[in-house]
Amino acid sequence: MQYTAPHYYKKFQCIGGDCPDTCCAGWQIQIDPASLRKYKKTKGPLGSRLKNEIIWKEGCFRRYGGRCAFLNDDNLCDLYLEGGGEKAFCRTCRIYPRHIEEFEGLREISLSLSCPVAASLILSCQEQVHFLHGEDPDRDETYEDFDFLLFTKLMDGRTLILDIIQNRSRPIGLRAAIALALAHDLQERIDRNALFDVDSLLERYSSESTWDWFENRLKMLSVSQQNRGDVRDRLFAILDHLEVLRENWKPYLHKARITLKNAERNAAEKLSGLFTDIIAEQLLVYFIFTYFCGAVYNGNAYGKMKFSLAGMILIRELVHASWIQDPSGTSFETIIDAAVRYSREVEHSDDNKITMEQLLDSEDDFGLEDLFGLLL
């Protein structure tokens, strides 16, 4: 078994009760079958509490006011405190905020942007992300019907996309536009079952002339402020179709959207140097590394790239709204807050991720040039 993780992965350390948020509230914590069996056998006062505080038919902990039944008033876990530490955790609690994508013979591990400490680690990183690799030779597996050829081409495509995104000699808008176009062209070859043509495609996008061609194309692209606002509003509208996981999300989102609309009418200032190219880069690397190769399961590489780009743009716009509302009170912590809120609502629901990717498929609403306009 092969393992891959970003270089900052091992730097993460949970700060427990000192965390500005808690990972034990705002969503339902599912319990894996092995932990359920263990909890059923637990004796004593803790065993009695487990029996009462688990919804056994659904395989999850009960929640009170959106908080896990074992989350105490100090935002610490009673199951951890009374059960002998981490060994008492179910798989979900033991892993979070680590996120694992599973492929045949490979596990890709990242940190979740929904954790404030992980988000700060990801977005404060000033260096280009590189990836650590490991191997467990004693563990092997085979997935039935796993398309290894497609997976190989997706991995090759993602490697080039990440190289493009992290080329700091070019502006981030240009980098993101080229990465999106590459995913679009890769998708065409996937749809035509022409994977044999992917290598020449990647070679073409690796050429220095590609940068000049796209730079000229973006210069000729005529996008009005109205058109840009319309596309951004359509991106925000996607969020209206998603399951709401935290009750404070909707008011926060509504206030941001109203702020941005009013700012357009009043020709408000642009977001200053707060949301930097490096922060945009780190968000794109995070989303692309986490989700792009998942296209091996649904064949939608372009959709994964759109999903990644939409995440960066929406977080940027949420920060922009906060800055308009209070320029002097906006800081790096504002960016962390926007990223964490967005991630918790979108990434922690499989239905939300699927719905968002499906809605982004509309080329009428989110075509290449529409999205290019948000990058200028």
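The values are calculated or read from the model by the stated rules, or taken from the named source; none is laboratory data. Everything numeric here is computed off the predicted structure, so don't read it as measured data. Here Cβ is always computed from backbone atoms with ideal geometry, including for glycine, and neighbour counts include all displayed protein chains. Side chains are part of the model used for accessible areas, which takes the heavy atoms of the whole protein and leaves out ligands, DNA and RNA. Shrake-Rupley method; radii C 1.70, N 1.55, O 1.52, S 1.80 Å.
With θ set to phi - 60°, apply the Karplus curve 6.51 cos²θ - 1.76 cosθ + 1.60 along the range 61-73 and write out the HN-Hα couplings as whole Hz, x wherever there is a Gly or Pro.
Working through the residues one at a time gives 6, 5, 10, 10, x, x, 9, 4, 4, 9, 7, 8, 5 Hz.
Tell me, how many Å apart are the Cα centres for the range 1-53 and for the range 220-251?
Their Cα centres are 33 Å away from one another.
Per residue, how much accessible area does the range 235-376 show when a 1.4 Å probe rolls over the protein heavy atoms, in square angstrom? The partial results should precede the final answer.
Values: 5540 Å² over 142 residues.
Here the per-residue accessible area is 39 Å².
Sorted by mean Cβ packing within 10 Å, highest first, what order do the peptides 365-371, 175-181 take? Please report the intermediate quantities before stating the final value.
Numbers: 365-371: 16.9, 175-181: 23.7.
Packing order, densest peptide first, comes out as 175-181, 365-371.
Using +1 on the beta carbon of Lys and Arg, -1 on that of Asp and Glu, and nothing else charged, what's the dipole of the chain about the Cα centre, debye to 20?
Numbers: 45 positive and 58 negative charges, 286 e Å.
With Lys and Arg at +1 and Asp and Glu at -1, about 1380 debye.
How big is the accessible area of F12 in square angstrom, nearest 10, if you roll a 1.4 angstrom probe over the protein chains?
20 Å²
Run lengths n ≥ 4 of DSSP H only: what is the helix-derived mean residue ellipticity at 222 nm for the chain, with -39500 (n - 2.57) per run over all residues, to the nearest 500? Kindly include the intermediate steps, with their values, before the conclusion.
Numbers: 18 runs with 207 residues, N = 376.
Calculated at 222 nm, the ellipticity per residue is -17000 deg cm²/dmol.
Placing +1 on the Cβ of each Lys and Arg and -1 on the Cβ of each Asp and Glu in the chain, which of A194, L46, A338 has its Cα farthest towards the positive end of the resulting dipole?
Highest projection toward the positive end goes to L46.
Could you tell me whether the range 30-187 comes out rounded, prolate or oblate from its Cα gyration tensor? Rule is a ≥ b ≥ c as square roots of the eigenvalues, rounded for a/c under 1.5, then prolate if a/b exceeds b/c, otherwise oblate. Before the final figure, lay out each step's value.
Values: a/c = 2.80, a/b = 1.85, b/c = 1.51.
Here the range 30-187 falls in the prolate category.
Which residue fluctuates the most in the chain, going by a Gaussian network model with Cα springs under 10 Å, if the choices are M356, M220, M155?
M220
Using the per-residue mean of other Cβ atoms lying within 10 Å as a proxy for protection, in what order, highest first, do the peptides 98-104, 4-10 fall? Numbers along the way, then the final one.
On the way: 98-104: 15.1, 4-10: 16.9.
Ranking the peptides 98-104, 4-10 by packing returns 4-10, 98-104.
Taking all protein chains as present, what is the carbon and sulfur share of the accessible area of the chain, in % to the nearest whole number, probe 1.4 Å? Don't skip to the answer; put the middle values down first.
Numbers: 8870 of 18100 Å².
In the chain, the share of accessible area belonging to carbon and sulfur is 49 percent.
Explain nothing, just compute: Karplus ³J(HN,Hα) = 6.51 cos²θ - 1.76 cosθ + 1.60, θ = phi - 60°, for every residue of the range 202-219 in order, whole Hz, x for Gly and Pro.
For the range 202-219, the Karplus curve yields 5, 5, 5, 6, 7, 6, 5, 5, 4, 4, 5, 5, 6, 4, 5, 5, 5, 5 Hz.
Along the charge dipole of the chain, pointing to its positive end and built from +1/-1 on Cβ of Lys, Arg, Asp and Glu, which listed residue (I165, F146, Q325) has its Cα farthest out?
Of I165, F146, Q325, it is Q325.
Can you check what the net charge comes to around C68, using other residues whose Cβ is under 9 Å from the Cβ of C68 (Lys, Arg +1; Asp, Glu -1)?
On the way: positive: R62, R63, R67; negative: E53.
Net charge in that neighbourhood comes out at +2.
When ligands, DNA and RNA are left out and all protein chains stay put, how many square angstrom of accessible area per residue does the range 45-139 have with a 1.4 Å probe? Could you put the intermediate results ahead of the total?
Details: 4970 Å² over 95 residues.
Solvent-accessible surface per residue comes out at 52 Å².
Pick out, from P6, M305, P97, the residue whose Cα sits farthest towards the positive end of the charge dipole of the chain, with +1 on the Cβ of Lys and Arg and -1 on the Cβ of Asp and Glu.
Checked the options; the winner is P97.
For D233, D364, D147, give the ranking by accessible area with the largest first, probe 1.4 Å. The partial results should precede the final answer.
Working: D233 40, D364 140, D147 65 Å².
Ranked list, largest accessible area first: D364, D147, D233.
What ranking do 187-200, 109-122, 20-33, 331-344 get when scored by the average of other Cβ atoms within 10 Å per residue, highest first? Before the final figure, lay out the partial values.
Values: 187-200: 13.6, 109-122: 22.5, 20-33: 17.6, 331-344: 20.1.
The packing order, highest mean first, is 109-122, 331-344, 20-33, 187-200.
What angle do you read, to the nearest 10 degrees and between 0 and 90, between the alpha-carbon axis of helix 301-325 and the longest principal axis of the chain?
90 degrees
Cα-Cα over 32 Å: which of K255/K306; K57/K153; K10/K353; K250/K306?
Numbers: K255/K306 25 Å; K57/K153 41 Å; K10/K353 27 Å; K250/K306 23 Å.
Correct reply: K57/K153.
Just to be sure I understand, if you calculate Cα extents along the principal axes in Å for this structure, which of (i) 72, 53, 35; (ii) 102, 52, 36; (iii) 72, 39, 37 do you get?
(i)
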